[in-house]
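Below is one structure; the comments refer to it alone.
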Amino acid sequence: MTRPLDGITVISLEHAVAAPFATRQLADLGARVIKVERPGSGDFARGYDQRVRGQSSHFTWINRSKESLALDVKQPAAKAALLQLLQTADVLVQNLAPGAAARMGLSYEALKAHNPKLIVCDISGYGADGPYRDKKAYDLLIQSEAGFLSVTGTPETPSKSGISVADIAAGMYAYTNILSALLLRGKTGEGSHIDVSMLEAMGEWMGYPLYYAFDGAPPPPRTGASHASIYPYGPFAAGDDGTVMLGLQNEREWKAFCDGVLQQPEVAVDPRFCSNAERNQHRAELQALILQTFASLSVAQVVERLEAAGIANARVNDMADLWAHPQLQARQRWRSVGTPAGEVPALLPPGVSSAFDYRMDAVPAVGQHNSAILAELGWSAQQIDALQAPQAI
């Protein structure tokens, strides 16, 4: 089958999460992604941990279906190879330190003279200008700077996200901006420059709490795993040491919850609980009442009552539960991909298309494709060997 990005070549000077996540999604759609890494060590995310048969969990997740080209771009011959690749590439993605790509002559302005169709996507913490331009930015720092920590956690303790949410947000916007730029190029015939900021990506995702605190109003309180403004909406313990997440959205559901789940119809008209505002004000009393009912039930029994009453619910799963999730298995969402340490399972990208299958190729070793890529550029075996001595590749 023809994939949407078949024939598109992406060169990426990438590390960590944001840029690799963006380019892996381009590879999922058929793009050829050439990942330029440091000779020897490669992307430093390769060393984050050794949880996947000695390989990094982050790296395994976001680097399948790519080719690895190890280049020390500070050496003239290696940089010449990179520039040669960029003469015919469609996209350059980079999330190097602020200003590093420009100092190497890899700015959009410098490159478009040689390849007017090239799309250049720069990913940084704070963007290409402004007073924070040169400030170092890591995921947790951006979570903090964007106010995410102020609305996440318990009343006593702010908490970070358990995943790299700022990196993922930036990677998603880089991905969608690149797709938009490719569509635009199809109309104009010209490339463009994309400047993606982690802070601005998280700022977009913080739209609800921003407006909740509009014009000096109090921000949403930190309420742990419960909803900040709707109750009951959050985790509740059952009698078998399990936990059920449930959520009510309206008064009709509240009555159904009292009738069918609590089996105490009188609670629905209790003045303390007769509206969402009242339930919010009397959370402690209502929580105690719900937990008292659930204490005699297993998670399965609570879920059975919730389903019968039409109340939205979920189990509070851990990673083992997600690996074995029956819905993912029923929809055949798992595939197998190669890695330098052998085959591992991998989830298909979200979205089922009737027109094509996603690309699910191997995770590369550092520099695995050096010879093949340089040979495509017309380099002889002797020229390639000459790059080995000074460790330019």
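The values are calculated or read from the model by the stated rules, or taken from the named source; none is laboratory data. Since the structure is predicted, the reported quantities are computational estimates derived from the model, not experimental observations. Backbone-built Cβ (ideal geometry, glycine too); neighbour counts: all protein chains shown. Quick note on the areas: whole protein, heavy atoms, side chains included, nothing else; ligands and nucleic acids left out. Shrake-Rupley method; radii C 1.70, N 1.55, O 1.52, S 1.80 Å.
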Bounding extents of the range 41-92 in its principal axis frame from Cα atoms, largest first in Å, are 38, 24, 13
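Work out the length of the dipole vector of the chain about its Cα centre, built from +1 on the beta-carbon of each Lys and Arg and -1 on the beta-carbon of each Asp and Glu, and round it to the nearest 20 debye.
For this selection, approximately 840 debye.
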At 1.4 Å probe size, what's the solvent-accessible area of Ser41? Round to the nearest 10 Å². 80
Suppose every Lys and Arg Cβ carries +1 and every Asp and Glu Cβ carries -1, with no other charges. What dipole size does the range 65-127 come out with about its Cα centre, to the nearest 20 debye? 100
Taking Cα pairs under 8 Å and at least six residues apart, what relative contact order does the chain come out at, in percent? 20
Obtain the nm distance between the two label points defined at Arg103 and Trp334 by a simple spin-label model: each point lies 7 Å from its Cα along the Cα-to-C-beta direction. 4.6
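What 222 nm value per residue comes from the helices of the chain, counting each DSSP H run with n ≥ 4 as -39,500 (n - 2.57) and dividing by all residues, nearest 500 deg cm²/dmol? List each step's numbers first, then the result.
Numbers: 17 runs with 142 residues, N = 393.
Calculated at 222 nm, the ellipticity per residue is -10000 deg cm²/dmol.
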Charges on Cβ only, +1 for Lys and Arg, -1 for Asp and Glu, centred on the Cα centroid of the chain; of Leu82, Val344, Ile62, which one is farthest towards the dipole's positive end? Leu82
Using θ = phi - 60° and the Karplus relation 6.51 cos²θ - 1.76 cosθ + 1.60, list the HN-Hα couplings for the range 153-162 in order, rounded to whole Hz, with x at every Gly or Pro. x, 9, x, 8, 9, x, 9, 7, 5, x
Checking the table Lys35/Lys160; Lys35/Lys79; Lys35/Lys117; Lys79/Lys117 against a 22 Å threshold on Cα-Cα, which pairs fail? Lys35/Lys160
Which values, in whole Å and largest first, are the semi-axes of the equivalent ellipsoid of the range 170-314 obtained as the square root of 5 times each eigenvalue of the Cα gyration tensor? 43, 19, 14
Length gained, Ala237-Met1, 0.36 nm per residue minus C-alpha separation, equals 80.1 nm
Using 0.36 nm per residue of separation minus the Cα-Cα distance, give me the extension gain between Glu376 and Met319 in nm, one decimal. 16.3 nm
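Based on alpha-carbon atoms only, what is the radius of gyration of the range 208-266 relative to the globular estimate 2.2 N^0.38 Å? Kindly include the intermediate steps, with their values, before the conclusion.
On the way: Rg = 14.8 Å, N = 59, 2.2 N^0.38 = 10.4 Å.
This ratio for the range 208-266 stands at 1.43.
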What does the accessible area of Cys274 come to, in Å² to the nearest 10, when a probe of 1.4 Å is used? 70
At R0 = 25 Å, FRET efficiency that the Cβ-Cβ distance of Lys136 and Ser161 yields, to 0.05: 0.80
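Roughly to the nearest percent, how much of the accessible area of the chain is carbon and sulfur, given a 1.4 Å probe? Before the final figure, lay out each step's value.
On the way: 10760 of 19830 Å².
Roughly 54 percent, rounded to a whole number.
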What accessible area per residue comes out for the chain, rounded to a whole number of Å², with a 1.4 Å probe? 50
If you project the alpha carbons of the range 1-113 onto their three principal axes, what span does each projection cover, largest first, in Å? 43, 37, 23
So, for the Cα atoms of the range 237-368, Rg and Dmax in Å stand at 21.6, 69
One point scatterer per Cα, no solvent, Debye formula: log10 I(q)/I(0) for the chain at q = 0.13 Å⁻¹ comes out as -1.13
Apply the a/c threshold of 1.5 to the C-alpha gyration tensor of the range 48-136 and tell me whether it is rounded, prolate or oblate. oblate
How big is Rg to Rh over the range 68-109, alpha-carbon atoms, Rh as the Kirkwood inverse-mean-distance radius? 0.93
In whole angstrom, note down how far apart the Cα centers of the range 14-60 and the range 88-109 are. 18
What accessible area, in Å² to the nearest ten, does a 1.4 Å probe give for Arg38? 120
